[in-house]
Amino acid sequence: MANSIWTIEEFTCPGCGMNYAATREEHAEPHSGQFKCSICSGVVHSWSGKHHFFGWSAVKTKPTVFGRRWAGVGW
Ligand SMILES: [Zn+2]
């Protein structure tokens with residue numbers, strides 16, 4: 001753990017506005033990857049460099065907006 005630096009970063013899906021939080025871990029070697037929204041399948045964040053993101057989870061910071069969007073999905 002001595003060489004690990006973890007920080008939490010938040011991202012907003014450009015497609016549906018869903019908020020996600022992920023843990024960023026610094027690495028000595030380059031990593032690349034991307035995370036896709038579980039709701040609209042849009043790319044929330046893609047990265048390439050000496051860091052990696054893991055532990056993606058949805059953050060419901062705006063429940064009212066979230067509810068409105070879901071209400072419209074059925075139509
Ligand atoms: Zn989305």
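Kindly indicate whether Thr12 is hydroxyl-bearing (Ser, Thr, Tyr), in contact with a Phe, Trp or Tyr (Cβ under 9 Å, 6 or more places away or on another chain), more than 10 Å from the ligand (Cβ to nearest atom) and at pLDDT 95 or above.
no
Kindly evaluate Gly72 against the criterion of being open to solvent by less than 50 Å² (accessible area, probe 1.4 Å), outside any strand (DSSP E or B) and either within 16 Å of the ligand (Cβ to nearest atom) or at pLDDT below 95 (or both).
The answer is yes for Gly72.
Looking at the stretch 24-41 only, could you name the residues that are open to solvent by 20 Å² or more (accessible area, probe 1.4 Å) and either β-branched (Val, Ile, Thr) or within 16 Å of the ligand (Cβ to nearest atom) (or both)?
Hits for the stretch 24-41 are Gln34, Phe35, Lys36, Ser38, Ile39, Cys40, Ser41.
Suppose we filter the stretch 34-61 for residues that are part of a loop (DSSP other than H, G, I, E, B), out of contact with any Asp or Glu (no Cβ under 9 Å at 6 or more places or on another chain) and more than 12 Å from Cys13 (Cβ to Cβ); how many remain?
So the count comes out to 1.
Can you find even one residue in the stretch 8-26 that is on the phi > 0 side of the Ramachandran plot and assigned to a strand (DSSP E or B)?
Checking the stretch 8-26: not a single residue is on the phi > 0 side of the Ramachandran plot and assigned to a strand (DSSP E or B).
The values are calculated or read from the model by the stated rules, or taken from the named source; none is laboratory data. Quantities reported herein were computed from a predicted structural model and do not represent experimental measurements. Positions of Cβ are generated from backbone atoms using ideal geometry, with glycine treated the same way; all protein chains shown enter the neighbour counts. Quick note on the areas: whole protein, heavy atoms, side chains included, nothing else; ligands and nucleic acids left out. Shrake-Rupley method; radii C 1.70, N 1.55, O 1.52, S 1.80 Å.
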